[in-house]
1. Can you put 429, 136 in order of Cβ neighbours within 10 angstrom, beginning with the fewest?
2. Within 12 Å, Cβ to Cβ, of residue 419, how many net charges do the neighbouring residues add up to if Lys/Arg are +1 and Asp/Glu are -1?
3. Based on C-alpha coordinates, I'd like the Rg and Dmax of segment 284-441, in Å.
4. How would you classify segment 53-172 from its alpha-carbon gyration tensor, with a ≥ b ≥ c the square roots of the eigenvalues: rounded for a/c under 1.5, else prolate if a/b is greater than b/c, otherwise oblate?
5. Would you mind telling me the antiparallel percentage of the DSSP bridges in segment 3-194, rounded to 5?
6. Hey, can you grab everything whose amide H is under 5 Å from the amide H of residue 125? Only 5+ residues off in sequence or another chain; H modelled, so Pro and N-termini drop out.
7. From the backbone phi of segment 126-131, what are the Karplus-calculated ³J(HN,Hα) couplings (6.51 cos²θ - 1.76 cosθ + 1.60, θ = phi - 60°) in whole Hz, Gly and Pro given as x?
8. Treat the count of other C-beta atoms within 10 Å as a stand-in for reagent exposure and order 140, 227 from fewest to most.
Amino acid sequence: MKRLVIYFHYDPAGCIDTACRIAVQAVQKYGRVVFVTNGTLAPADRVWVRQSGAGRIERENVGFDVGAYREVLLTLGREKLAEYEEIVLMNYTLAGPVCSLAAMFTAMDARPELDFWGLTRHYAMQSRRFGGAVPEHLQSHFIAVRPRLFNSDDFWSYWQEMALPASYEQSIIRHETRFTPYFAARGYAWDTYVQTDDLKPVFVNPIMACPRELLANRGCPFFKRRSLFTPYADELRRTDGLAARELCDYVTAYTDFPLELLLVSLLKTQPLSALAQNLHWCYPVGAPTGETPDLNELGLRLLHYEQPAADPVTDWYNRQAAANADTLLAEAAALFEKNPMLGVLSPSLPLWQGCTAARRAAWMREKDALAQEVSVPVGSDPPPAPNCGWVLVRESAFPDGIPACTSQRDAWKLALTAQKNGAYTAAFEPLTRSAARADILNEYETAAAQPAAVAKQLGRLVKHRLQK
């Protein structure tokens, strides 16, 4: 089949990361690729596109993927596109493939009754953010269209009349959720390669909610990058919060996809806190063995820094956590061998609520200044570590030398510097604390299900604040 793939890319620095390159090279086996980016590519990346044999369009960063697709389609024109048997609109938000694309293209080539098809679908839902009633639709990260559709006046009117979106929400409303019902209403047949109708009562967005299931059992060759850094509160509204971790464990164990290289790329563009929450970079460790590791031989260094001033209870719990971490030094050091990308490690924050409040207050004081000093995103939430004045670092995560670390602000900058260098920061805790954390969560969930208890707790909080 003569196929054209329009591959949309965006990176604020103009870089094409390994995951994008893998995807482009994979689809090139099945069609000609036009690589379109919203911005200016770095010189070395522009050379890579040329050497790959793909066409290249660099354009102003307007209109999101919708604007990019529209420009390529209108630039090539109706007559040129009529030479193809299938046109694929695909974007960089997909990572993979984790398997050969042959099965997907063979299966869909065997369905000539379809006028357009996609990788996955999103089921109908209500969303004020996205305009109210969202219909069932193909997800715009991968849509293939065939001659009966792309040679029609309907198709060209759709793109010529398209108002370019100025926000992510507008791109969803004006294109992603509109494309499928617009053409279905005009008699064009569609379907998806990955079949998920049995999941419809469970998840509206299966590729985000249960990506491991789609990869392991339904032949899906791609997963969403966003699975690894989606807002965790959103994740908890639709899943049990384990989707990203289970996805990564599967990709690492059962595929050849270089997940660590994707993580290196994401560390440069996403807040550390978002990645840490989705990937659960908090490691439980067993009882101390009493062994004393040779940190120099392991390429590690233990640092201590002064904690911000806090109330006596918070200060006591922080000091206890640091002392406990000393007894678990061997177990902490072993985590670096098991996790090659781990660069900075410290004890998890104590479970006392004052510790959480103190850390957040300190972060809010420092984050804006830190954002001016580092080249990675600084999120609204603090990184998972360092905590408690105790931090173990991998020396190779700091090729320019380990910065001085005497305060909590220095410790956070240490974590952000490691992030820039492609290493992540994590916490560790004894199994007893992990068990207590689960019990505390259960207590909060039980209380949240009882409005009277919530109101009572709120009253106590207000009273406590007024007394202060």
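Coordinate-derived values only; no laboratory data. Treat the numbers as computed from the prediction; the structure is a model and nothing was measured. With ideal geometry, Cβ positions are generated from the backbone for all residues, glycine too; neighbour counts draw on all protein chains shown.
1. 136, 429
2. Net of charged neighbours comes to +3.
3. 15.0, 43
4. rounded
5. Close to 40 percent.
6. Sorted by chain and number, the residues that satisfy this are 134.
7. Along segment 126-131, the couplings run 9, 8, 5, 4, 10, x Hz.
8. Lowest to highest Cβ neighbour count: 227, 140.
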